[in-house]
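The values are calculated or read from the model by the stated rules, or taken from the named source; none is laboratory data. Here the structure is a predicted model, which is why all the values come from computation and not from measurement. Positions of Cβ are generated from backbone atoms using ideal geometry, with glycine treated the same way; all protein chains shown enter the neighbour counts.
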Amino acid sequence: MTYQNYSLKQLQQIDAAHHLHPFTDHKELREAGSRIITRANGPFIYDSEGVELLDGMAGLWCVNIGYGREELAEAAYAQMKELPYYNSFFKCSTPTPVLLSKKLAEIAPKNVNQVFYGSSGSEANDTALRLVRHYWVIEGKPEKNRVISRKMAYHGSTIAGTSLGGMDAMHKQLNGAVPNIVHVMMPYAYELALPGESDHDFGLRAAKSVEDAILEAGADKVAAFIGEPVMGAGGVKIPPASYWPEVQRICRKYDVLLMLDEVITGYGRTGEWFAAQTFGIEPDTITTAKALTSGYQPLSALLVGDRITSTLVEKGGEFNHGYTYSGHPVACAVALKNLEIIEQEGLVDRVRNETGPYFAKALQERIAGHDLVGEVRSIGLMGAIEIVKDKATKERFLPSGSAAVTVRDHAIANGMMLRATGDTMILSPPLIWTRDTIDMACERIRKALDLAQADLRKR
Ligand code: PXG
């Protein structure tokens with residue numbers, strides 16, 4: 001029986017009875033009922049009632065080539081018929097992860113040439129943490145096992161992912177994190193820059209907090225620093241240009257590995273294949289997932305730099321780590337086709353030269369001036385809108401986070417799917433957006449802001 005035989009009410013009831021959703025207050029969901037998305041095409045998603053929404057989030061930061069790409073379905077179908085599964089343990093391999101690894105080495109920063117596969121970003125970060133700690137053990141420095149991360153970082157929901165991440169609400173529920181991970185300040189000038197401090201100086205100060213943490217622990221105790229080039233789930237926090245080169249300089253000075261989590265920024269979002277290239281740095285590991293397949297299949301790729309792989313190969317022996325689905329042939333076939341489409345359609349260049357700059361200008365000219373908006377910022381095709389009560393003082397509405405939810409609800413009611421995190425609205429659209437799509441989004445967001453303002457004034 002297909003879902004079409006069920007009414008919306010029935011699906012919602014079954015969902016409530018049997019399905020525990022991620023990051024959800026289950027009591028609240030049972031009262032409200034879920035919105036059931038049934039199909040999608042290009043930049044639009046459609047719910048079970050036929051309502052069309054412009055998807056400002058590319059699913060969950062992943063559907064970079066948009067919906068309805070038959071070539072990806074065909075690539076999966078062909079691979080499933082020929083070889084649906086075989087593992088890459090025990091000296092075996094299958095063709096698609098081999099070819100995908102070659103492709104990834106071609107597009108990654110030049111010091112990064114090898115790939116370890118998983119099925120999710122969280123798994124890839126678990127692999128990354130295990131790998132860097134293992135690296136220092138085989139280098140004869142097992143005491144070098146601490147990792148520095150940032151407050152508000154998001155690195156996934158497994159125990160290692162949550163521990164690496166800096167979300168307080170998640171840590172509280174962990175009730176015991178992976179030890180030896182510390183969190184320093186985030187590079188978030190809007191709230192953390194001092195009065196009169198330039199962006200440049202703020203970026204250097206935020207990087208200095210990494211150096212302070214290294215010195216506090218002792219450089220001989222620190223394995224690595226991990227960060228999202230642009231913090232995503234934490235609110236599209238874009239560091240000043242001075243930040244990443246300085247963090248890299250500090251890591252090199254103290255012989256600390258640099259781990260980038262590009263689960264959101266990888267595969268074109270910032271106008272280069274990887275944000276490492278946008279910010280001009282050469283990390284030792286790059287965690288990627290999401291847009292690697294544009295979300296059409298679950299797949300992650302931990303890209304590993306030459307420094308780590310040469311030690312691993314020369315001195316490592318067996319690395320006792322791997323997943324049933326490491327290098328899944330169907331997921332890798334879909335990834336290959338996805339990257340081919342991104343290349344053929346020139347989507348990365350388009351973000352860098354055309355849609356990214358147009359998106360930035362549209363947000364500045366049409367959204368930044370609104371009374372509810374404290375700041376807009378963007379890089380490539382990811383953007384944020386800070387919702388405030390008072391533009392001059394940056395005072396927020398209370399309770400915290402409620403104003404952004406009001407804006408989001410009006411946006412959805414007006415055909416625009418976007419996400420609220422704290423008091424920040426987030427945009428991370430498919431890279432196929434054109435100037436027209438950006439115009440449409442701005443119109444709908446502007447309307448949502450007007451309606452939210454009327455509501456918030458009544459409170
Ligand atoms: N790293 C980063 C930077 C992420 O954004 C992960 C790791 C984990 O990936 P998986 O595939 O295990 O989910 C992510 C995932 C949100 C939201 O609400 C963001 C993510 C996942 C779920 C929700 O913005 N990012």
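Scan the range 392-435 for residues that are crowded, with 19+ Cβ neighbours inside 10 Å, assigned to a loop (DSSP other than H, G, I, E, B) and within 13 Å of the ligand (Cβ to nearest atom) and the total you get is 2. Taking the criterion of being buried (at least 20 other Cβ atoms within 10 Å of the Cβ) and touching a Gly at 6+ places or on another chain (Cβ under 8 Å), the residues of the range 65-79 that qualify are 66, 67.
Take residue 20 and tell me if it is in a helix (DSSP H, G or I) and within 16 Å of the ligand (Cβ to nearest atom). So residue 20 does not fit the description; no.
Note on the range 379-409: among residues that are without any contact (Cβ under 8 Å) to a residue 12 or more places away in the chain and among the hydrophobic types (A, V, I, L, M, F, W, C), the one that is farthest from residue 192 (Cα to Cα) is 398.
None of 193, 217, 233, 207 is surrounded by 23 or more Cβ atoms within 10 Å (Cβ to Cβ) and among the hydrophobic types (A, V, I, L, M, F, W, C) except 207.
Those helices (runs of 4 or more DSSP H) of the range 65-141 in which at least 2 residues are within 16 Å of the ligand (Cβ to nearest atom), among the acidic types (Asp, Glu) and under 17 Å from residue 300 (Cα atoms), considering only elements entirely within it, cover 121-138. Within the range 235-283, being closer than 26 Å to residue 404 by Cβ and outside any loop (DSSP other than H, G, I, E, B) holds for 237, 243, 261, 275. Among the residues in the range 252-265, are any within 11 Å of the ligand (Cβ to nearest atom), touching a Phe, Trp or Tyr at 6+ places or on another chain (Cβ under 6 Å), modelled with pLDDT of 95 or more and under 14 Å from residue 108 (Cα atoms)? Yes, the range 252-265 contains a residue that is within 11 Å of the ligand (Cβ to nearest atom), touching a Phe, Trp or Tyr at 6+ places or on another chain (Cβ under 6 Å), modelled with pLDDT of 95 or more and under 14 Å from residue 108 (Cα atoms). Taken as a whole, the structure leaves residue 211 outside the set of residues that are more than 15 Å from the ligand (Cβ to nearest atom), under 30 Å from residue 359 (Cβ atoms) and in contact with a Lys or Arg (Cβ under 9 Å, 6 or more places away or on another chain).
As a summary of the residue check, residue 179 satisfies the conditions (1) touching a residue at least 24 places away in the same chain (Cβ under 8 Å); (2) of a type outside the set (A, V, I, L, M); (3) under 19 Å from residue 257 (Cβ atoms); (4) away from the ligand (no atom under 13 Å from the Cβ) except for the one numbered (1). Being part of a strand (DSSP E or B) and either among the β-branched types (Val, Ile, Thr) or surrounded by 18 or more Cβ atoms within 10 Å (Cβ to Cβ) (or both) is the filter here, so list the residues in the range 45-64 that pass it. Once the filter is applied, which keeps residues that are part of a strand (DSSP E or B) and either among the β-branched types (Val, Ile, Thr) or surrounded by 18 or more Cβ atoms within 10 Å (Cβ to Cβ) (or both), the range 45-64 yields 45, 53, 54, 55. Within the range 6-45, the set of residues being aromatic (Phe, Trp, Tyr) and not assigned by TED's automatic domain parsing to the domain that holds residue 416 comprises 6, 23. Of all residues in the range 142-153, exactly one satisfies the criterion of being away from the ligand (no atom under 15 Å from the Cβ) and either β-branched (Val, Ile, Thr) or surrounded by 24 or more Cβ atoms within 10 Å (Cβ to Cβ) (or both), namely 148.
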